[in-house]
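Remarks on the structure that follows.
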Amino acid sequence: MATLCPGCFEEEVSTGGEPCPTCGWSGEQDRPPLALPVQTELKGRYQAGRVLGEPGGFGVTYLGYDRLQNEKVAIKEYFPREVAGRDTDGRSVVPHSGRGDEEFAYGKEQFLGEAQTLAQFDHANIVSVRDFFEANGTAYLVMDYYEGKPLEAYLEEQPDGCMEPGAATEVMLRILDGLKEMHREGYLHRDIKPENVYLTKEGRPILIDFGAARQAVGERSQSLSVVMTPGYAPYEQYRRNGDQGPYTDVYGAGATLYRMMTGEKPLPATDRVVEDTLQSPREVNPEVPEGLSRAVMGALAVGNKERLATAERLQVRLQGREEESGGTFQKESGQRDTGQRDTGQQKSRREGGQSSEKTPSESDGKSNVGGSSFRVRKRDDGRTEFSESKSGRLNNKSENVNIKNTRPNLAGKNARSNSQKEFPVKKVIKYSSILVIIVIILNWYLS
């Protein structure tokens with residue numbers, strides 16, 4: 001009897017164990033002992049195939065096949081090994097005795113909540129979730145399948161274990177596009193690292209494996225090893241009640257970029273608290289430009305008060321549009337003072353024209369889903385207004401960023417006319433004060 005090969009779901013293979021002519025998979029191939037049996041049916045619609053990557057301590061991801069849509073998918077199974085195991089039937093997942101039952105149930109609830117959250121996003125750099133359900137005593141989420149490999153695997157294949165700084169920055173700028181979308185909706189990733197960035201064959205980076213359920217199980221089981229990854233986790237994640245926010249993901253993004261440009265992961269944040277001996281990217285790799293190196297170190301500040309606060313600000317610094325000495329960033333209003341370089345692209349935008357220079361989202365047609373388009377207009381008060389339209393959201397919204405123009409020739413007529421109106425009043429006050437002083441002196445002299 002022939003069936004689709006569970007190694008690629010592209011060729012029909014016999015059940016006799018003959019290797020697949022396309023991918024070479026055979027029924028005698030070793031399979032992780034905790035994985036579901038090959039060809040397990042889920043929800044009456046999906047087939048579980050080979051295991052993708054190495055099973056983690058929190059779940060197993062399979063290549064799957066959607067018989068309804070006749071296409072490949074990725075299926076992630078909720079399987080926290082610290083609190084649960086596979087039952088004797090080889091399919092069901094059962095929690096360990098004691099507190100494991102409560103922790104498992106709470107983590108499954110968070111896992112399904114995370115799936116529901118991800119299903120709301122439609123962004124080129126965030127994994128696309130198409131279905132989620134409960135079965136076999138646990139939960140599953142079904143995602144789009146992309147040909148490619150994790151960023152960590154790609155880096156390990158490189159001669160020095162790292163990427164050229166410019167290429168690494170382009171990848172990170174797109175990851176930050178996805179993070180900005182998440183943070184706008186009030187969600188955090190909490191586990192950004194090279195293993196959780198997937199590179200498609202076209203070079204598009206996608207954020208995967210979000211950490212909401214992992215965080216939940218870690219908090220209930222009192223196991224910090226479940227929650228964070230040393231080197232990529234900021235100091236606040238080591239504390240039970242650590243104050244976490246967008247800056248928590250900024251640290252993970254900075255650490256990932258550090259690894260991409262140097263071939264080394266940063267020192268654990270706990271080792272840097274008393275004495276910070278972390279070398280800058282430029283000290284490790286002299287090919288990293290000084291400004292880029294400073295931007296990464298700004299994202300890797302141990303204290304969250306000193307760290308770059310948002311994905312947007314890190315993105316600005318990586319693009320060289322804001323230096324430490326050039327301008328301030330106001331989180332509440334979203335305004336930036338422009339202590340920034342005047343690139344050809346920015347000049348073209350101010351003049352309302354087009355630039356031949358492409359943004360990262362424009363360079364790959366598939367990534368335009370998460371890209372940005374800009375509208376420029378001159379306001380009556382002399383400011384230039386950039387209206388940034390985010391196309392990667394289900395409900396498209398616009399976010400206006402007002403950038404104060406510091407060039408003196410753009411101060412505007414209103415400012416001059418206001419000073420002219422105030423000047424006669426100032427003159428009267430000034431001369432009246434002088435007259436009073438003269439009268440006082442004369443009276444003193446004559447007396």
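The values are calculated or read from the model by the stated rules, or taken from the named source; none is laboratory data. Everything numeric here is computed off the predicted structure, so don't read it as measured data. Every residue, glycine as well, gets a Cβ built from its backbone with ideal geometry; the counts of neighbours run over all protein chains shown.
So, in the range 299-319, of the ones that are assigned to a loop (DSSP other than H, G, I, E, B) and free of Cβ contacts under 8 Å to residues at least 60 places away in the same chain, which residue ends up surrounded by the most Cβ atoms within 10 Å (Cβ to Cβ)?
Among those that are assigned to a loop (DSSP other than H, G, I, E, B) and free of Cβ contacts under 8 Å to residues at least 60 places away in the same chain, it is Leu300.
Which of the residues spanning the range 92-149 are within 23 Å of Ile192 (Cβ to Cβ) and part of a helix (DSSP H, G or I)?
Selection gives Gly107, Gln110, Phe111, Leu112, Gly113, Glu114, Ala115, Gln116, Thr117, Leu118.
Tell me which of these Met163 doesn't satisfy, since it passes every other one: (1) modelled with pLDDT of 95 or more; (2) outside any loop (DSSP other than H, G, I, E, B).
In the conditions (1) modelled with pLDDT of 95 or more; (2) outside any loop (DSSP other than H, G, I, E, B), Met163 misses (2) alone.
A quick yes/no check of all residues on (1) in contact with a strand residue (DSSP E or B) (Cβ under 9 Å, 6 or more places away or on another chain); (2) surrounded by fewer than 22 Cβ atoms within 10 Å (Cβ to Cβ); (3) not assigned by TED's automatic domain parsing to the domain that holds Thr200:
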residue	(1), (2), (3)
Glu82	no, yes, yes
Gly85	yes, yes, yes
Asp89	no, yes, yes
Pro95	yes, yes, yes
Gly100	yes, yes, yes
Leu112	yes, yes, yes
Ala124	yes, no, yes
Val129	yes, yes, yes
Glu134	yes, yes, yes
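Residues to consider are Gly7, Gly85, Gly64; find the one that is part of a loop (DSSP other than H, G, I, E, B) and small (Gly, Ala, Ser).
Only one candidate qualifies: Gly7.
Okay, residues lined up against (1) assigned by TED's automatic domain parsing to the domain that holds Glu109; (2) surrounded by fewer than 20 Cβ atoms within 10 Å (Cβ to Cβ); (3) touching a Leu at 6+ places or on another chain (Cβ under 8 Å); (4) farther than 19 Å from Lys149 by Cα:
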site: Pro21; (1), (2), (3), (4): no, yes, no, yes
site: Glu41; (1), (2), (3), (4): yes, yes, no, yes
site: Tyr46; (1), (2), (3), (4): yes, no, no, yes
site: Gly49; (1), (2), (3), (4): yes, no, yes, no
site: Leu52; (1), (2), (3), (4): yes, yes, yes, no
site: Gly59; (1), (2), (3), (4): yes, no, no, no
site: Asn70; (1), (2), (3), (4): yes, yes, no, yes
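Do we have Pro230 as modelled with pLDDT under 95 and under 23 Å from Ser293 (Cβ atoms) here?
Here the answer is yes, as Pro230 does meet what is asked.
State which residue pairs qualify: first residue within 13 Å of Gly166 (Cα to Cα) and inside the range 279-298, second residue of a type in the set (S, T, N, Q) and assigned to a loop (DSSP other than H, G, I, E, B) in any location, beta carbons under 7 Å apart, and separation of 6 or more residues or different chains.
The qualifying pairs are Ser293/Ser280.
Exactly one condition in (1) surrounded by fewer than 19 Cβ atoms within 10 Å (Cβ to Cβ); (2) at pLDDT below 95; (3) acidic (Asp, Glu) is false for Glu322; which is it?
Failed condition: (1).
Among the residues of the range 68-82, how many are assigned to a loop (DSSP other than H, G, I, E, B), touching a residue at least 24 places away in the same chain (Cβ under 8 Å) and of a type outside the set (Lys, Arg)?
Counting residues in the range 68-82 that are assigned to a loop (DSSP other than H, G, I, E, B), touching a residue at least 24 places away in the same chain (Cβ under 8 Å) and of a type outside the set (Lys, Arg) gives 3.
Name the residues in the range 14-51 that are among the hydrophobic types (A, V, I, L, M, F, W, C) and under 13 Å from Val142 (Cβ atoms), would you?
Once the filter is applied, which keeps residues that are among the hydrophobic types (A, V, I, L, M, F, W, C) and under 13 Å from Val142 (Cβ atoms), the range 14-51 yields Leu42, Ala48.
Can you confirm whether Leu173 is surrounded by fewer than 21 Cβ atoms within 10 Å (Cβ to Cβ), in contact (Cβ under 8 Å) with a residue 60 or more places away in the chain and in a helix (DSSP H, G or I)?
yes
Please enumerate the residues belonging to the range 34-55 that are assigned to a loop (DSSP other than H, G, I, E, B) and touching a residue at least 40 places away in the same chain (Cβ under 8 Å).
Residues satisfying the conditions are Leu34, Leu36, Pro37, Thr40, Lys43, Gly53.
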